[in-house]
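Each reported figure results from applying straightforward, stated rules to the coordinates on display, with no laboratory input. Here the structure is a predicted model, which is why all the values come from computation and not from measurement. We place every Cβ from the backbone using ideal geometry, glycine too, and count neighbours over all the protein chains shown.
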Amino acid sequence: METKDLRILWIGSEFYPYIIGGVGRKSSLLVNALSRNGLKVMVLTRGKKRSLFGWQRISGIKIYFVKQYLRGFLGSLWAGLCWLMVLYRERNGYDIICAQQLYSATLIACLIKGFFKKKVIAQPAVSGEIQRLRKRIFGELRYRIIKKFTDYFIAICEDIREDLLNNGIDKKKIIKIPNGVDTDIFRPVSKEERQRFYADLNLPRYSYIIFCGRLEE
């Protein structure tokens, strides 16, 4: 099968504009990049719309959403049941499931793989996800299913790669792919552009250090 012919179903708890966070923004950027490069992509996520379950198209991409009105295990169970229904109904429309984080999305993807022989790629967002998963309800069972049925794990940094290895994931299944940067957006600016930004933002002509991220105790 040619790469251009691959059909991808992207599944995760966050996706812009429904739930905005680092994982959601990154997922949206990657999905749109895949679509621009000619791959067919569908999205399965949680949302905050009034309806409990539905779908819409954004930039030509079909997005299914499940309203996030429950928390914890019950919320995961509700989302999982709805996701299973979509994965079954759309089973002839995708070849690969890309799951974000090692929780409900990856577990559901692995269950579907057992029935329909789909490939599953999972991407932890941070190191320590497996430890947190194993402490949850039925965590050890969920971990064993994910470990056995996931075809590949994407590690965006060495910490995540080491974490996967330390938890028994076969190194042949781990692929290290650091987060990319869109150089059309993030690039050095010219002196003229910098002066214009200072003027537009009414800032003094100093050098600035910018922190991009979040602080946690």
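Quick look at the numbers
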{"item": "0 to 90° range, to nearest 10: angle between helix 22-36 axis and the chain longest Cα axis", "result": "90 degrees"}
{"item": "Extended-chain gain in nm, criterion 0.36 nm per residue less alpha-carbon gap, residue 95 and residue 186", "result": "29.5 nm"}
{"item": "Over 28 Å between alpha carbons, listed pairs 135/176; 67/148; 118/171; 26/176; 62/135", "result": "67/148; 62/135"}
{"item": "Principal-axis tilt of helix 191-201 within the chain, Cα atoms, nearest 10 degrees", "result": "80 degrees"}
{"item": "Estimated 222 nm signal from helices in the chain, with DSSP H stretches of n ≥ 4 weighted -39500 (n - 2.57), rounded to 500", "result": "-12000 deg cm²/dmol"}
{"item": "In degrees, nearest ten, helix 72-89 long axis to first principal axis of the chain (Cα)", "result": "80 degrees"}
{"item": "Cα shape, the stretch 85-183, gyration tensor, a/c 1.5 rule", "result": "oblate"}
{"item": "J(HN,Hα) series, the stretch 131-141, from Karplus relation 6.51 cos²θ - 1.76 cosθ + 1.60, nearest Hz, glycine and proline x", "result": "4, 5, 4, 5, 8, 7, 4, 6, x, 5, 5"}
{"item": "Beta bridges by DSSP in the chain, antiparallel share as percent, to the nearest 5", "result": "20 percent"}
{"item": "Gaussian network model of the chain, Cα within-10 Å springs - most flexible of 189, 41, 126", "result": "189"}
{"item": "FRET efficiency for residue 141 and residue 175, using Cβ-Cβ distance with R0 set to 30 Å, rounded to 0.05", "result": "0.70"}
{"item": "Estimated D of the chain in µm² per second, where Rh is the Kirkwood radius over Cα pairs and Stokes-Einstein applies at 4 °C, 1.567 mPa s", "result": "68 µm²/s"}
